[in-house]
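Colleague: Can you keep this structure in mind? I'll have questions shortly.
The values are calculated or read from the model by the stated rules, or taken from the named source; none is laboratory data. Remember, it's a predicted structure, so these values are computed and weren't measured experimentally. Neighbour counts are summed over all protein chains in view; Cβ atoms, including those assigned to glycine, are modelled from backbone coordinates with ideal geometry. In case anyone asks, the SASA skips ligands and DNA or RNA and just uses the protein heavy atoms, side chains included. Shrake-Rupley method; radii C 1.70, N 1.55, O 1.52, S 1.80 Å.
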Amino acid sequence: MHWLVLIISGLFEAVWATALGKSEGFTRLWPSLIFAAAVAVSMGGLAYAMRELPTGTSYAIWVAVGACATVVYAMATGDESASLVKVLLLTGIIGCVIGLKLVD
């Protein structure tokens, strides 16, 4: 259960990172509200997962899931260009996260 919460909270990291970018320095209401809600869910989930999982592993996986989901979303919506190199690097991040899970 803690692993599932960790992955979901990592996905909410992607939500708040995207909303932060769209908030234009907190000058736009809806992206700012989405940011606040998503950051609360994301941090709450990370805190819950860290009750049972090692801190370093939890944080690394949370960041990796959030970073990968943020980049994939940006590429899918056209906000960021897609390239083979980016996809390979994201695959590398995912591979490293799986490795952390396997050695935990």
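Colleague: Do we have any residue at all in segment 1-9 that's assigned to a helix (DSSP H, G or I), among the small types (Gly, Ala, Ser), modelled with pLDDT of 95 or more and open to solvent by less than 70 Å² (accessible area, probe 1.4 Å)?
Modeller: Initially, segment 1-9 is screened for residues assigned to a helix (DSSP H, G or I), giving 2-9.
Next, only the ones that are among the small types (Gly, Ala, Ser) stay: 9.
Filter again for modelled with pLDDT of 95 or more, leaving 9.
With the extra rule that they be open to solvent by less than 70 Å² (accessible area, probe 1.4 Å), the set shrinks to 9.
Looking for residues that are assigned to a helix (DSSP H, G or I), among the small types (Gly, Ala, Ser), modelled with pLDDT of 95 or more and open to solvent by less than 70 Å² (accessible area, probe 1.4 Å), one finds at least one in segment 1-9, hence yes.
Colleague: I'd like to check something: does segment 15-32 contain any residue that is modelled with pLDDT under 95, outside any helix (DSSP H, G or I) and either among the aliphatic types (A, V, I, L, M) or surrounded by fewer than 20 Cβ atoms within 10 Å (Cβ to Cβ) (or both)?
Modeller: Within segment 15-32, the subset modelled with pLDDT under 95 is none.
Checked against the condition, which is being modelled with pLDDT under 95, outside any helix (DSSP H, G or I) and either among the aliphatic types (A, V, I, L, M) or surrounded by fewer than 20 Cβ atoms within 10 Å (Cβ to Cβ) (or both), segment 15-32 yields no hits at all.
Colleague: Residues of segment 80-91 being outside any helix (DSSP H, G or I) and either surrounded by 13 or more Cβ atoms within 10 Å (Cβ to Cβ) or aliphatic (A, V, I, L, M) (or both), which ones? Outline the logic, then answer.
Modeller: First pass over segment 80-91, keeping only residues outside any helix (DSSP H, G or I): 80-83.
Correct list: Glu80, Ala82.
Colleague: Of all residues in segment 92-104, which are among the β-branched types (Val, Ile, Thr) and surrounded by 15 or more Cβ atoms within 10 Å (Cβ to Cβ)? Steps first, answer last, please.
Modeller: Taking segment 92-104 first, the residues among the β-branched types (Val, Ile, Thr) are 93-94, 97-98, 103.
Selection gives Ile93, Val97.
Colleague: Another question about this same structure. Tell me, which residue of segment 51-78 that is of a type outside the set (A, V, I, L, M, F, W, C) and in contact (Cβ under 8 Å) with a residue 24 or more places away in the chain is most open to solvent (accessible area, probe 1.4 Å)? Full working, then the answer.
Modeller: At the first step, the residues of segment 51-78 found to be of a type outside the set (A, V, I, L, M, F, W, C) are 51-52, 54-59, 66, 70, 73, 77-78.
From the residues that got through so far, the ones that are in contact (Cβ under 8 Å) with a residue 24 or more places away in the chain too are 51-52, 54, 57-58, 66, 70, 73.
On the way: Arg51: 174, Glu52: 127, Pro54: 54, Thr57: 23, Ser58: 1, Gly66: 2, Thr70: 37, Tyr73: 112 Å².
That would be Arg51.
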